[in-house]
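See below for the structure under consideration.
The values are calculated or read from the model by the stated rules, or taken from the named source; none is laboratory data. All figures in this text were calculated on a predicted structure; none of them were measured in a lab. Using ideal geometry, Cβ is built from the backbone for each residue, glycine included, and neighbour counts are taken over all protein chains shown.
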Amino acid sequence: MEIDPFIFRLSIFILSIFIGYYVVWSVTPSLHTPLMSVTNAISSVIIVGAIIAGLAGNSESVFNTSSIFGFLAISLAAINIFGGFLVTQRMLAMYKKKKKDK
Amino acid sequence: MISVNLSAIFYLISGVLFILALRGLSSPETSRQGNLFGIIGMIIAITVTFLSIGNFQSGFIFVLIFLLIGGLIGAFVAYKIPMTAMPELVAGFHSLVGLAAVFVAISAFLNPEAFNLGTPGNIKLGSLIEMSIGAAVGAITFSGSIIAFLKLQGIMSGAPITFKGQHPLNALILISIIILIYLLCASQSPNFFWLLLAVSFLIGFLLIIPIGGADMPVVISMLNSYSGWAAAGIGFTLENTALIITGALVGSSGAILSYIMCKGMNRSFFNVILGGFGATEQSANSSSKEQRPVKSGNAEDAAFLMKNASSVIIVPGYGMAVAQAQHALREMVDTLKKNDIKVSYAIHPVAGRMPGHMNVLLAEANVPYDEVFELEEINNDFANADVAFVIGANDVTNPVAKTDPQSPIYGMPVLDVEKCKSVLFVKRSLSPGYAGIDNDLFYKENTLMLFADAKKMTEDITKNL
């Protein structure tokens, strides 16, 4: 009997939770705010679903109810992707070490 | 058009890059590289999605337009936002992830063929369960984050909103969500899908209103976690590895942060979620204490004390963010350092309105991160320090947490500020902090209260140094 592909995805999911657990515990507390903004940005990879939905319309009707929701989701996710990564970068650029050459 | 297997491999690669992005945050040196990994992962995921669809004639231009609109808004916000407003920004971003998850679920429900999930009215059972869970969690994330945003922004009062029968009502709604998912799967009727969304929006709203403004660090972390689970739910529907991995990462990240925040307040997660903290009675207690004598001083006194110190520890809190005093504070510290006084910063886990909030503000003011310490790292140093400068913090310094088992904050880890030779406490008035309890530190022999706006007082001290 073949294993349902769902089981494989579930395995990936469970193992990723464990990876997340160990990786996040190793994040230094002073970077917890950038951690939240970068997790925001990466969870917007949900945009792949939005793109599929947006491109699903046929050539006669680009816009139907389903694809409109897709387009809106693209914009929402894009705000998060650009906003999340850029604000994280802006924050991380501010973390500086003590200058030794005084 | 690339094959399904090849695109699956690329999604896996971007998932791995996202793991590396979080891994990079283990130290500030590697963090910038980590962020770059995250960006590359995202570019790969989006490019592969375009290639795997391969349908470029019809909607492609619109996809780009909407992508650009969102991107421009996001970039604009990211550059304009002041660092003190990070909690609001993050809450706002969470709501967008939640809403995007809801929209994708709606598209998938209306047009399942595009996602290979079956036909409308006959969607594969597993997919239907996955997408309804994703949609429900997404809706909760959305409305919950909106409330958190409004509370942080001050548009809505930070005070907990409680009413009779709140908890039974919430429990009832949560049960109805499960029943609706069951009915939806049994009947495939769109009505149940819309009803499910409506009820989920409602519960997100109801879950966050009873939580007080000062518990926002927990709420934001929790919503962070929800946004991850919502993404994972959609990831299962779309059979997309990158989304599943990311969802799991973000979900566990938010959960860990919530745990750290709860521990920092010595409260159980459920205690915070059930809410109403800060509305508790303590008034009789504090009014009797109001009479106790307090030593208050001005900027000259404070400057004198600090000039004669050899080491100073600074304890910043939310009040510093409100007063935007971080730059003035750094200038004061610079002057102190010129006089060969050793200065370090002590940060309590729940200082501010979100995890790590104080660290970002200090970094913005050019404070080197190796001068900033966490509670466990620095707590023993207070006994050897000459001056503790408490600016905008309150409850996290209250010694009552160690001495009075009756106190609502008993057992909460606090900074041992009172062990310093002298304590300078910048505060506008003697009013208690969010926990509604008096701070014993105000009345200690070695405490000097500086009643003023944090920014103005800090600037005045610098002038007198």
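If you go through the range B:375-412 and keep only what is among the polar types (S, T, N, Q) and buried (at least 17 other Cβ atoms within 10 Å of the Cβ), you end up with B:N379, B:N394, B:T397, B:N398, B:S407.
Of all the residues in the range B:114-163, those that are crowded, with 18+ Cβ neighbours inside 10 Å and among the polar types (S, T, N, Q) number 5. Looking across the range B:182-240, just one residue is within 14 Å of another protein chain (Cβ to nearest Cβ) and among the charged types (D, E, K, R), and that is B:E239. Assess whether B:N464 counts as being closer than 22 Å to B:S310 by Cβ, surrounded by fewer than 19 Cβ atoms within 10 Å (Cβ to Cβ) and touching a Ser or Thr at 6+ places or on another chain (Cβ under 8 Å). So B:N464 fails the test.
Taken over the range B:288-325, the residue count meeting the criterion of being outside any helix (DSSP H, G or I), crowded, with 21+ Cβ neighbours inside 10 Å and hydroxyl-bearing (S, T, Y) is 0. Screening the candidates A:S44, A:S30 for the property of being under 30 Å from B:P87 (Cα atoms), facing chain B (nearest Cβ under 7 Å), surrounded by 20 or more Cβ atoms within 10 Å (Cβ to Cβ) and over 20 Å from the mean Cα position of the chain (by Cα) yields one hit, A:S30.
If I filter the range A:3-17 for residues that are at the interface with another protein chain (Cβ under 7 Å from one of its Cβ atoms), touching a residue at least 40 places away in the same chain (Cβ under 8 Å) and over 18 Å from the mean Cα position of the chain (by Cα), do I get at least one hit? So far as the range A:3-17 goes, no, none of its residues is at the interface with another protein chain (Cβ under 7 Å from one of its Cβ atoms), touching a residue at least 40 places away in the same chain (Cβ under 8 Å) and over 18 Å from the mean Cα position of the chain (by Cα). Within the range B:326-342, the presence of at least one residue that is over 30 Å from B:M86 (Cα atoms) and crowded, with 16+ Cβ neighbours inside 10 Å is confirmed. Of all the numbered requirements in (1) in contact with a helix residue (DSSP H, G or I) (Cβ under 7 Å, 6 or more places away or on another chain); (2) modelled with pLDDT under 95; (3) surrounded by fewer than 19 Cβ atoms within 10 Å (Cβ to Cβ), B:I40 misses one, and that requirement is (2).
Taking the criterion of being more than 7 Å from chain A (Cβ to nearest Cβ) and among the β-branched types (V, I, T), the residues of the range B:3-56 that qualify are B:V4, B:I9, B:I13, B:V16, B:T30, B:I40, B:I43, B:I44, B:T47, B:V48. The listed residues are B:L125, B:L99, B:L51, B:L117, and the only one of them that is touching a strand residue (DSSP E or B) at 6+ places or on another chain (Cβ under 7 Å) and in contact (Cβ under 8 Å) with a residue 24 or more places away in the chain turns out to be B:L117. The residues of the range B:67-92 that are surrounded by 24 or more Cβ atoms within 10 Å (Cβ to Cβ) and without any contact (Cβ under 8 Å) to a residue 12 or more places away in the chain, listed by number, are B:G70, B:G74.
For A:S30, the conditions (1) without any contact (Cβ under 8 Å) to a residue 24 or more places away in the chain; (2) over 23 Å from B:G15 (Cα atoms) all hold with the exception of (1). From the list B:L430, B:L415, B:L361, the lone residue that is outside any helix (DSSP H, G or I), hydrophobic (A, V, I, L, M, F, W, C), touching a residue at least 12 places away in the same chain (Cβ under 8 Å) and crowded, with 20+ Cβ neighbours inside 10 Å is B:L415. Taking the conditions (1) more than 30 Å from B:N366 (Cβ to Cβ); (2) touching a residue at least 12 places away in the same chain (Cβ under 8 Å); (3) touching a Pro at 6+ places or on another chain (Cβ under 9 Å) in turn, B:L17 satisfies each one other than (3). Taking the conditions exactly as written (at the interface with chain B (Cβ under 7 Å from one of its Cβ atoms) and surrounded by 23 or more Cβ atoms within 10 Å (Cβ to Cβ)), does A:V38 satisfy them or not? Against the criterion (at the interface with chain B (Cβ under 7 Å from one of its Cβ atoms) and surrounded by 23 or more Cβ atoms within 10 Å (Cβ to Cβ)), A:V38 qualifies. Residues that are of a type outside the set (A, V, I, L, M, F, W, C) and either exposed (fewer than 12 other Cβ atoms within 10 Å of the Cβ) or within 27 Å of B:V97 (Cβ to Cβ) (or both) within the range B:164-186 comprise B:K164, B:G165, B:Q166, B:P168, B:N170, B:S176, B:Y182, listed in sequence order. Quick one: A:V38 ticks every box in (1) in contact with a Phe, Trp or Tyr (Cβ under 8 Å, 6 or more places away or on another chain); (2) of a type in the set (A, V, I, L, M, F, W, C); (3) closer than 21 Å to B:L51 by Cα except a single one, so which number is it? For A:V38, the exception is condition (3).
Taking the criterion of being buried (at least 24 other Cβ atoms within 10 Å of the Cβ) and part of a loop (DSSP other than H, G, I, E, B), the residues of the range B:209-265 that qualify are B:I211, B:N240, B:M265.
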